[in-house]
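Read the structure below first, then the notes.
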Amino acid sequence: MAADTAHLAVLKQQIKRYIKAKDQNRPHLLRDVFTVDATLEMKVDSENISFPATTLGCEAIADVLVRQFSGKFENVYTLCTTDSITVQESQLMCNWYVFMTDKSDGRLRIGYGVYYWTFDNSSELVKHLTIKIDAMQIFDEEESSKLFAALNQLDDSWLNHQQLMLLLDKFSRYEAITEVIKEKG
């Protein structure tokens, strides 16, 4: 069991490194996350955001998920819930949630979905990532600064679903999406 716990910690650290690269516009970090020939598949169930369906190679993934993404969005906070993790051999699945503002109009976007990670067993680098976007809601919001201040107080991009709900319950104006997030838990 200790080896499983240690292995899970390594995989979670890789995902944390990916989140740091994406959220903080640091594409060079993805070289330590993805294999050179990694693949990215996007399954988008929202009209409020778009990505190429398939991307091949670490550098192309960095271009799509970091360079292009950071050209459109800022104040990005991505969270993953620990109690949603499912691990099966070299695969890890977990729920994710993102909070960000659109650079073009300043509007708040809150989205959620599922990450499906496949790791290379020998290097523990990611060889395939499927990102499923279940929803991306847009809020005409000028008071998102309080939400971002609360997100900035988090110590980690990993938390359990209850912690996420405690954070979101402080912001009743986002009730439309938080009700859906509650059901995901």
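The values are calculated or read from the model by the stated rules, or taken from the named source; none is laboratory data. The model shown is predicted, which means the values in this text are computed figures rather than measured ones. Backbone-built Cβ (ideal geometry, glycine too); neighbour counts: all protein chains shown.
Values as computed for the structure displayed
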quantity: Scope the stretch 11-38; condition crowded, with 19+ Cβ neighbours inside 10 Å and part of a strand (DSSP E or B); matching residues; calculated: 34, 38
quantity: Which listed residue is among the β-branched types (Val, Ile, Thr) and in contact with a His (Cβ under 9 Å, 6 or more places away or on another chain), from 130, 82, 54; calculated: 82
quantity: Filter result for residue 155 (of a type outside the set (A, V, I, L, M, F, W, C), at pLDDT below 95 and more than 21 Å from residue 179 (Cα to Cα)); calculated: yes
quantity: Boolean, residue 144 is crowded, with 18+ Cβ neighbours inside 10 Å and among the small types (Gly, Ala, Ser); calculated: yes
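For every residue, the table says whether it meets (1) of a type outside the set (A, V, I, L, M, F, W, C); (2) over 23 Å from residue 64 (Cα atoms); (3) loosely packed, with under 15 Cβ neighbours inside 10 Å; (4) touching a residue at least 40 places away in the same chain (Cβ under 8 Å).
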site: 84; (1), (2), (3), (4): yes, yes, no, yes
site: 110; (1), (2), (3), (4): no, no, no, yes
site: 161; (1), (2), (3), (4): yes, yes, no, yes
site: 179; (1), (2), (3), (4): yes, yes, yes, no
